[in-house]
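See structure below.
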Amino acid sequence: MKLRARQIYIVDTVEQCEQIAVKFEKSASYLPILGLDCEWVTQNGIRQPVALLQIADNNGMCSLIRLSKFKTIPSSLSDILSNSNIIKVGVAILDDAHLLMNDYNINVSGCIDLRYLAKESCLEERSLSALAFKLLGCELDKDWHVRASDWEAEELNDRQTEYAALDAYVAVKIFEQLRNKKISWWNWLFLTDKQKWDKVTEIYSDYKDLPYQNVRTNGNTKYKPKSNVRLYSTSTIKSAKVYDNCLMENVDGTVMSTCSHKKVDWYISQGLAELVNNEPKTIRLNFSADLKNRKDNFSVLPRENICTVCGRSEYFRKKSIIPKEFVRHMPTVHKTHIPHDTLLLCYWCHIKSNAFDFTIRKKLFNMCQIKELNPNEYQKIPAYVKIMRSKSLAKTLLKSRHSLPDKVANELRLEIAETYNMKPDRVFDTFLETLLTIKSLKYENDCQHNSAAEKVVKHFLEKDAISELKAMWRQHFLDTMKPKYLPLLWSVNYDG
């Protein structure tokens with residue numbers, strides 16, 4: 001069987017993108033379900049920024065959005081992708097969502113991985129092509145010549161266009177078939193638009209934005225495939241356990257707080273405490289500590305080593321619910337709540353939460369009549385990504401020039417040369433040192449950010465409403481991330 005998208009729009013400009021966004025917005029108002037996929041180019045084993053974003057609706061309208069040709073990402077597209085009420089479906093769709101966030105600072109919410117639905121329907125097939133053949137009877141073109149073709153080419157050929165459009169459209173049709181296993185097409189026919197949406201939301205809400213965890217077997221050995229975590233971020237990612245939940249007691253035996261093994265060992269080595277229990281590991285101070293400012297037991301409760309939002313048990317990053325740039329300007333008494341406002345998130349939820357924070361920043365700046373920072377300055381565009389990578393490569397070449405194999409060093413110099421359209425033998429050390437002076441668009445205005453945050457804090461201090469500011473950040477986190485595993489006693493109005 002041959003499946004074709006009814007309408008294919010190739011989007012090369014921001015203006016065209018805004019027009020197609022209006023069409024999808026209208027389509028989603030009828031049935032808020034979209035198929036989504038991404039394509040990119042790999043050069044010398046290195047992935048380049050996403051070049052093509054494919055979006056398709058239930059009626060066969062498909063747009064191929066050529067992000068590699070954009071200088072900025074229109075807000076109309078970002079609004080659709082970030083709207084969690086519009087379901088986006090695909091296989092490994094959260095991987096694509098993370099790439100869009102990393103490459104273009106685009107937040108994609110409301111994603112459902114079709115593999116969960118296939119598993120729920122007792123199907124063994126997991127790939128898009130296998131599900132398409134099983135459920136739709138059509139065979140997708142998965143020739144590697146097309147999959148690995150130049151998606152940044154000046155013009156896409158017919159085969160590329162059909163391949164890319166079908167990947168998004170087929171995802172929607174597969175979703176339809178899997179949905180029919182839950183809701184018969186006859187019942188679906190007589191539901192109103194609102195009833196359809198409410199039914200789908202009720203059935204699949206648990207799978208929204210849930211990373212797919214596939215455990216496959218190989219003989220008698222079980223293993224998990226490597227997660228798509230970007231290498232440059234691993235220094236801040238904790239692979240498993242973060243909270244040791246050891247206990248620290250005051251000299252009178254009153255439990256003061258939980259702490260880490262490292263802190264326990266330090267107190268004992270300095271002669272400031274002695275070990276009084278091994279399970280859980282507990283130390284008792286040799287001096288009296290002041291606890292008069294503590295109003296509840298939040299700090300003494302054990303913390304679970306899971307993502308506060310989705311429950312994932314690996315790849316953690318700590319999230320400051322109230323950003324440090326605001327906290328540093330608050331009075332000392334309000335800086336004692338850091339444990340309460342530091343929550344454990346998985347890598348993916350951490351990225352999404354940071355993207356949502358731009359919304360409340362804008363709201364606070366407007367409320368305090370502070371000039372808003374230009375959001376376009378922080379949009380990641382392909383050229384910028386390449387330039388910042390060249391800076392990283394230059395640092396590697398200069399720092400490890402004597403230990404790098406010649407082959408590796410030559411490959412790094414070649415990539416830098418291609419970025420700046422120059423000959424590799426002209427990439428001298430002086431040029432590499434120049435690259436190190438490039439400022440990141442994301443961080444070059446740190447002083448401006450801190451100044452704006454300081455003005456916000458000052459505004460609330462003058463109104464004696466600093467607790468209101470903190471509550472706004474906490475409520476924002478609840479509304480945008482909808483965490484399912486908040487610590488006991490955690491509260492929007494916490495003032496312990």
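Pairing each residue of the stretch 342-356 that is part of a helix (DSSP H, G or I) with any residue that is aromatic (F, W, Y) and modelled with pLDDT under 85, provided the two are 6+ apart or on different chains, yields C-beta distances under 6 Å for Y347/Y315.
The number of residues in the stretch 65-75 that are among the hydroxyl-bearing types (S, T, Y) and buried (at least 17 other Cβ atoms within 10 Å of the Cβ) comes to 1. Going through the stretch 301-324 one residue at a time, which ones are of a type in the set (D, E, K, R) and more than 21 Å from the chain's Cα centre (by Cα)? Listed by number, the residues that qualify are R303, E304.
Return the only residue of L114, L100, L136, L131 being under 29 Å from the mean Cα position of the chain (by Cα), under 18 Å from A56 (Cα atoms) and modelled with pLDDT under 90. Before the answer, list the steps.
Details: L114 fails: modelled with pLDDT under 90; L136 fails: under 29 Å from the mean Cα position of the chain (by Cα); L131 fails: modelled with pLDDT under 90.
Answer to the selection: L100.
Pairs meeting the criteria (first residue in the stretch 276-291 and closer than 11 Å to G253 by Cα, second residue open to solvent by 90 Å² or more (accessible area, probe 1.4 Å), beta carbons under 8 Å, at least 6 apart or on different chains) are I283/E274; R284/E274; N286/E274; S288/D252.
If a residue counts only when it is closer than 26 Å to T332 by Cβ, over 22 Å from the mean Cα position of the chain (by Cα) and modelled with pLDDT of 85 or more, which helices (runs of 4 or more DSSP H) contained entirely in the stretch 428-496 have at least 1 such residues? Even if it seems obvious, please write down each step before you answer.
Details: elements: 429-435, 446-462, 466-481.
Per the criteria, 446-462, 466-481.
Residue count for the stretch 460-496 satisfying the condition of being surrounded by fewer than 17 Cβ atoms within 10 Å (Cβ to Cβ) and in contact with a Cys (Cβ under 8 Å, 6 or more places away or on another chain): 2. Per the conditions (1) open to solvent by less than 70 Å² (accessible area, probe 1.4 Å); (2) over 14 Å from G35 (Cα atoms); (3) small (G, A, S), the sole criterion not satisfied by A148 is (1). The residue that is most open to solvent (accessible area, probe 1.4 Å), counting only those in the stretch 1-20 that are modelled with pLDDT under 90 and in a loop (DSSP other than H, G, I, E, B), is R6.
Taken across the stretch 44-64, residues that are free of Cβ contacts under 8 Å to residues at least 60 places away in the same chain, of a type in the set (K, R), outside any strand (DSSP E or B) and open to solvent by 10 Å² or more (accessible area, probe 1.4 Å) do not occur at all. Flag: L77 does not match the condition of being part of a helix (DSSP H, G or I) and closer than 21 Å to H350 by Cβ. In the set (1) modelled with pLDDT of 85 or more; (2) open to solvent by 30 Å² or more (accessible area, probe 1.4 Å), K335 fails one condition alone, (1).
If I ask for residues that are farther than 30 Å from S68 by Cα and either open to solvent by less than 20 Å² (accessible area, probe 1.4 Å) or free of Cβ contacts under 8 Å to residues at least 24 places away in the same chain (or both), which ones from the stretch 151-181 would you list?
Hits for the stretch 151-181 are L178, R179, N180.
Looking across the stretch 408-437, the residues that are free of Cβ contacts under 8 Å to residues at least 12 places away in the same chain and of a type in the set (V, I, T) come down to V408, T430, T434, T437. Under the condition of being modelled with pLDDT of 85 or more and of a type in the set (D, E, K, R), which residue from the stretch 292-316 is farthest from V255 (Cα to Cα)? So the residue we want is E304. What are the residues in the stretch 21-43 that are assigned to a helix (DSSP H, G or I) and surrounded by 22 or more Cβ atoms within 10 Å (Cβ to Cβ), if any? Result: A21, single match.
The values are calculated or read from the model by the stated rules, or taken from the named source; none is laboratory data. All figures in this text were calculated on a predicted structure; none of them were measured in a lab. For neighbour counting, all protein chains shown are included, and Cβ atoms are generated from backbone atoms with ideal geometry for every residue, glycine included. Note: areas computed on protein heavy atoms with side chains; ligands, DNA, RNA excluded. Shrake-Rupley method; radii C 1.70, N 1.55, O 1.52, S 1.80 Å.
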